[in-house]
Amino acid sequence: MDEFFYQMAAYIRSGGVVMVPILCVSLVMWILIFNRLFFLHRLYVKNMPRAMAGELVRDNQWPEKRYQGANAFLIREFLSRRSPVPDPDLDARILDETVMALTASLDQYLALIGVLSAVAPLMGLLGTVVGMMETFDVITVFGTGNVRAMASGISVALVTTQTGLMISIPGLYMSGWLNRRASNLKHRIASTAMYLKPFIRSRSVSC
């Protein structure tokens with residue numbers, strides 16, 4: 001384990017000062033990715049049937065805690081905003097606003113993850129430019145005979161480019177995957193909301 005950390009430290013040092021912002025971008029990006037993974041995963045598991053969701057809306061009852069899926073999420077948010085006085089038109093507008101708020105929450109951080117994924121290789125390219133400038137400075141002073149002095153600049157150029165690509169490729173994949181999953185959940189929430197509209201009117205009639 002100590003050998004691994006030693007090699008990692010040596011690798012980071014070989015990339016020069018540009019490695020610091022590149023690694024910061026990677027850290028922030030993966031924190032946001034894991035945040036979205038846990039959030040979206042929770043909306044996929046332990047989802048209640050639509051029929052049960054409709055009954056809860058009609059009876060104005062909250063879902064059990066064991067249900068954490070998208071339907072339960074929608075119902076909890078809707079009931080927390082619902083008017084205590086039966087009004088089907090008002091409840092329908094509140095349901096629509098709830099759907100809009102939930103779909104917006106699904107998109108949270110996704111654009112930023114995509115930006116960070118695209119920024120990483122550009123910062124690697126910046127490291128390439130910095131490394132080549134160092135190499136040319138060495139050539140200017142010592143000529144091409146001092147290979148050891150040139151190696152530092154070449155190392156900066158190659159390591160930063162490699163690191164930027166290693167961060168960007170999985171980041172772009174996860175960005176696309178999270179966007180697809182969020183899109184599926186949006187359709188599911190919108191479809192459930194349409195299904196719930198008649199139950200809103202049933203609540204008004206029964207009361």
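List of remarks:
- Size of the chain from its Cα atoms: along the principal axes, largest to smallest, the extents are 92, 35, 22 Å.
- Accessible area of the range 1-99 divided out per residue, in Å², using a probe of 1.4 angstrom: 59 Å²
- Histogram of C-alpha separations across the range 116-156, 5 Å bin width, %: 7, 27, 24, 15, 11, 8, 5, 3
- Helix-only mean residue ellipticity at 222 nm for the chain, each DSSP H run of n ≥ 4 adding -39500 (n - 2.57), per residue, nearest 500: -29500 deg cm²/dmol
- Efficiency of FRET between ILE154 and TYR44 - r from beta-carbon atoms, R0 45 angstrom, step 0.05: 0.45
- Between ARG81 and ILE31, residue separation times 0.36 nm minus the direct Cα-Cα distance comes to 14.9 nm.
- Peptides ranked, highest mean first, by Cβ atoms within 10 Å: ranges 97-104, 127-134: 127-134, 97-104
- For peptides 175-183, 83-91, sequence by mean Cβ density within 10 Å, most packed first: 175-183, 83-91
- Only protein atoms count toward the accessible area here, which uses a 1.4 Å probe; on the chain, the carbon and sulfur part of that area reaches 66 percent.
- D (Stokes-Einstein, µm²/s), Kirkwood Cα radius, the range 1-117, 0.890 mPa s at 25 °C: 139 µm²/s
- Ranked packing of 55-68, 4-17, most packed first, by mean Cβ within 10 Å: 55-68, 4-17
- Folded to 0 to 90 degrees: helix 88-106 orientation relative to the chain principal axis, Cα: 20 degrees
- For the range 1-66, the alpha carbon convex hull comes to 128 Å³ per residue, rounded to a whole number.
- Taking the C-alpha atoms only, the angle from helix 19-44 to the longest principal axis of the chain is near 20 degrees.
- Probe 1.4 Å, accessible area per residue of the range 122-200, Å²: 56 Å²
- Volume per residue that the Cα convex hull of the range 88-178 spans, once the total is divided by residue count, Å³: 69 Å³
- Two-site FRET efficiency, ILE169 against ARG201, from Cβ-Cβ distance with R₀ of 45 Å, rounded to 0.05: 0.35
- Relative contact order (%) - the range 90-207, alpha-carbon pairs under 8 angstrom, separation at least six: 37 percent
The values are calculated or read from the model by the stated rules, or taken from the named source; none is laboratory data. Predicted, not measured: the structure shown is a model, and the values here were computed from it. Reconstructed Cβ throughout: ideal geometry from the backbone, glycine too, with neighbour counts over all protein chains shown. The protein model used for the area step is the full one, side chains on, heavy atoms only, and it has no ligands, DNA or RNA in it. Shrake-Rupley method; radii C 1.70, N 1.55, O 1.52, S 1.80 Å.
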